[in-house]
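Structure first, then comments.
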Amino acid sequence: MNTKKLFNMQKELDSHIESQHRLENEDLFDRKVLALLVEIGELANETRCFKFWSLKPSSEAQVILEEFVDGVHFILSLGIECGYDSLSSITSGTSAEKNTSSQFLEVYESVHRFRKSRTENDFILLFESYMKLAELLGLSAGQIEQAYIAKNEVNYDRQREGY
């Protein structure tokens, strides 16, 4: 996955949104953190990995990929906000979690840790834990990059249409 390219695309989208909504002087960090947490929850809901009481299967792979990419947008945006947008690559990390539900909890913990510290190391750990989740969900870096590029264009369209 070409992280540099995605950071650049996200930087342009963030700039466009902040300009269009006159948010250039606003501190958006906590709102972006909350948005990320909501997106992670939406992803968990589509996977249904925690719904031990239900027999209904998870959503189709394409839906899960699209929900995953929504989280990537906010992770990149948080990295940009903290000046960590020069990272050239992110791996899937070294999480010992073996199941999806546990990895979701690890991602949530990583978000909270990064929110408090705002350090580069905790940002990398957050991104890596999210990529580990992708691995557990069967998503490849190539799929994620392609879906990110497609969703980025959708986000621009939404802004043009007054979303």
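Taken together, the residues in the range 127-143 that are closer than 18 Å to Ala44 by Cβ and surrounded by fewer than 19 Cβ atoms within 10 Å (Cβ to Cβ) amount to 3.
Confirm whether Tyr130 is part of a loop (DSSP other than H, G, I, E, B), within 17 Å of the chain's Cα centre (by Cα) and modelled with pLDDT of 95 or more. The answer is no for Tyr130.
Among the residues examined, Ile124 does not qualify as closer than 17 Å to Ser77 by Cα, surrounded by fewer than 18 Cβ atoms within 10 Å (Cβ to Cβ), within 14 Å of the chain's Cα centre (by Cα) and among the β-branched types (Val, Ile, Thr).
Considering only the range 64-83, I want to know if a residue exists there that is over 19 Å from Gln10 (Cα atoms) and of a type outside the set (Asp, Glu). Yes, that holds for at least one residue.
Of all residues in the range 126-137, those that are of a type in the set (D, E, K, R) have Cβ atoms under 9 Å from Cβ atoms of residues that are in a helix (DSSP H, G or I), 6 or more apart or on another chain, in Glu128/Ser110; Lys132/Gln103; Lys132/Glu106; Lys132/Val107; Glu135/Gln103.
Table: residues versus (1) assigned to a loop (DSSP other than H, G, I, E, B); (2) basic (Lys, Arg).
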site	(1), (2)
Ala35	no, no
Glu39	no, no
Cys49	yes, no
Lys56	yes, yes
Val63	no, no
Gly83	yes, no
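Look at the range 7-20: where a residue is farther than 19 Å from Gln146 by Cα and free of Cβ contacts under 8 Å to residues at least 24 places away in the same chain, no partner that is outside any helix (DSSP H, G or I) and among the polar types (S, T, N, Q) sits 6+ places away or on another chain with Cβ atoms under 6 Å.
Within the range 38-66, the residues that satisfy the criterion of being surrounded by 17 or more Cβ atoms within 10 Å (Cβ to Cβ) and not β-branched (Val, Ile, Thr) are Glu39, Leu43, Ala44, Glu46, Cys49, Leu65, Glu66.
The values are calculated or read from the model by the stated rules, or taken from the named source; none is laboratory data. Because the structure is predicted, anything quoted here is derived from the model rather than measured. Note that we place each Cβ from the backbone using ideal geometry, even for glycine, and neighbour counts take in every protein chain shown.
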